[in-house]
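J.: If you scroll down you'll find the structure; I have some questions about it.
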Amino acid sequence: MNQRFLSAPHASIGAKGGLLTRFPALLLVLLCLPGAAVGAKEQSPQALVEAVTGDVLGALRHQDGDITGDREKLVALIEERVAPYFDFRLMATQVLGHHWRDATVQQRARFTAVFKQLLTNTYAAVFGRYESQTVQVHAAEKTSSPDRVMVPTSVMTPSQEDIGVNYRLYRRDGKWRVYDVVVDGISLLINYRSEYSRLLQGESLDSLIAQIEAKNAAFLKDAR
């Protein structure tokens, strides 16, 4: 198995539940998946992970404190290099489950937009706490579909804890896109789906969207 050790950031973010508190070292690995492959020939998922990690981390290192201390710059960097390679609509669909089917066209568009911004802000918060560490990228694992794979990685934290992070990607029109990340066996999408399903038992979808919008606004406001 061809493996490569790469540098990746580390950070700690507070979050309810077990999954997001396990994201300290790995969200930025996820951030490094896209970026450099624009206009390039199709790469294997493993090669994509390895190739573009250096590109994103290189940008982070060159900017140094100028970017890690500026949330607006971090968000802009993520939107430029990461967002185009995530299928946020698919992620939003999976997160809402049957609530997506019941939502109006306008509600679907609004939820997708705020959920995308929520993830972008979360990644920006991790970026802002950059520390070097190592990531080992393993060969992609096939699934029952030739257009869906999982790329496992091992993240070694500064405390020498080895965390397993698996990235789920699918291919459409010759391009690979991320649609989920699994941390120590726990899916990001399932985690959010469980949280939002609980909230939607007593609140409307519009109320949930408004709560996410408020969190997104507070993220940039707190940085000023």
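The values are calculated or read from the model by the stated rules, or taken from the named source; none is laboratory data. Predicted model, so just to flag it, every value in this text is computed and none were measured. Neighbour counts run over all protein chains shown; Cβ positions are idealised from the backbone, glycine included.
J.: Output yes when any residue across segment 160-169 is under 21 Å from Gln43 (Cβ atoms), out of contact with any Pro (no Cβ under 6 Å at 6 or more places or on another chain) and in contact (Cβ under 8 Å) with a residue 60 or more places away in the chain, and no when none is. Give the derivation first.
T.: Pass one, segment 160-169, residues under 21 Å from Gln43 (Cβ atoms): 165-169.
Then keep just the ones that are out of contact with any Pro (no Cβ under 6 Å at 6 or more places or on another chain); that gives 165, 167-168.
Subset that is in contact (Cβ under 8 Å) with a residue 60 or more places away in the chain: 165, 167.
Looking through segment 160-169, at least one residue is under 21 Å from Gln43 (Cβ atoms), out of contact with any Pro (no Cβ under 6 Å at 6 or more places or on another chain) and in contact (Cβ under 8 Å) with a residue 60 or more places away in the chain.
J.: Only one of these is buried (at least 16 other Cβ atoms within 10 Å of the Cβ), touching a Ser or Thr at 6+ places or on another chain (Cβ under 6 Å) and modelled with pLDDT of 90 or more: Ala103, Ala92. Name it.
T.: Selected residue: Ala92, the only one of Ala103, Ala92 that is buried (at least 16 other Cβ atoms within 10 Å of the Cβ), touching a Ser or Thr at 6+ places or on another chain (Cβ under 6 Å) and modelled with pLDDT of 90 or more.
J.: A further question on this structure: How many residues, within segment 169-216, are touching a helix residue (DSSP H, G or I) at 6+ places or on another chain (Cβ under 9 Å), over 18 Å from Ala109 (Cα atoms) and of a type in the set (Gly, Ala, Ser)?
T.: Number satisfying all stated conditions: 2.
J.: When you scan segment 196-224, how many residues do you find that are surrounded by 17 or more Cβ atoms within 10 Å (Cβ to Cβ) and not hydrophobic (A, V, I, L, M, F, W, C)?
T.: Qualifying residue count, segment 196-224: 2.
J.: Looking only at segment 65-116, filter to residues that are over 15 Å from Tyr196 (Cα atoms) and among the aromatic types (Phe, Trp, Tyr); which one of those is nearest to the chain's Cα centre (by Cα)?
T.: Among those that are over 15 Å from Tyr196 (Cα atoms) and among the aromatic types (Phe, Trp, Tyr), it is Phe86.
J.: Also, quick follow-up: Go through segment 175-206 and report how many residues are farther than 20 Å from Val82 by Cα and of a type in the set (D, E, K, R).
T.: Selection size over segment 175-206: 6.
J.: Turning to a different aspect of this structure: Under the condition of being of a type outside the set (A, V, I, L, M, F, W, C) and at pLDDT 85 or above, which residue from segment 112-132 is nearest to Leu96 (Cα to Cα)?
T.: Thr112
J.: Give me the pairs: first residue in segment 72-83 and touching a residue at least 12 places away in the same chain (Cβ under 8 Å), second residue aromatic (Phe, Trp, Tyr) and surrounded by fewer than 21 Cβ atoms within 10 Å (Cβ to Cβ), beta-carbon distance under 7 Å, and six or more apart or on different chains, which are they?
T.: Matching pairs, first to second residue: none at all.
J.: Take the residues in segment 150-189 that are surrounded by 15 or more Cβ atoms within 10 Å (Cβ to Cβ) and polar (S, T, N, Q), then tell me which one is modelled with the lowest pLDDT.
T.: Thr157
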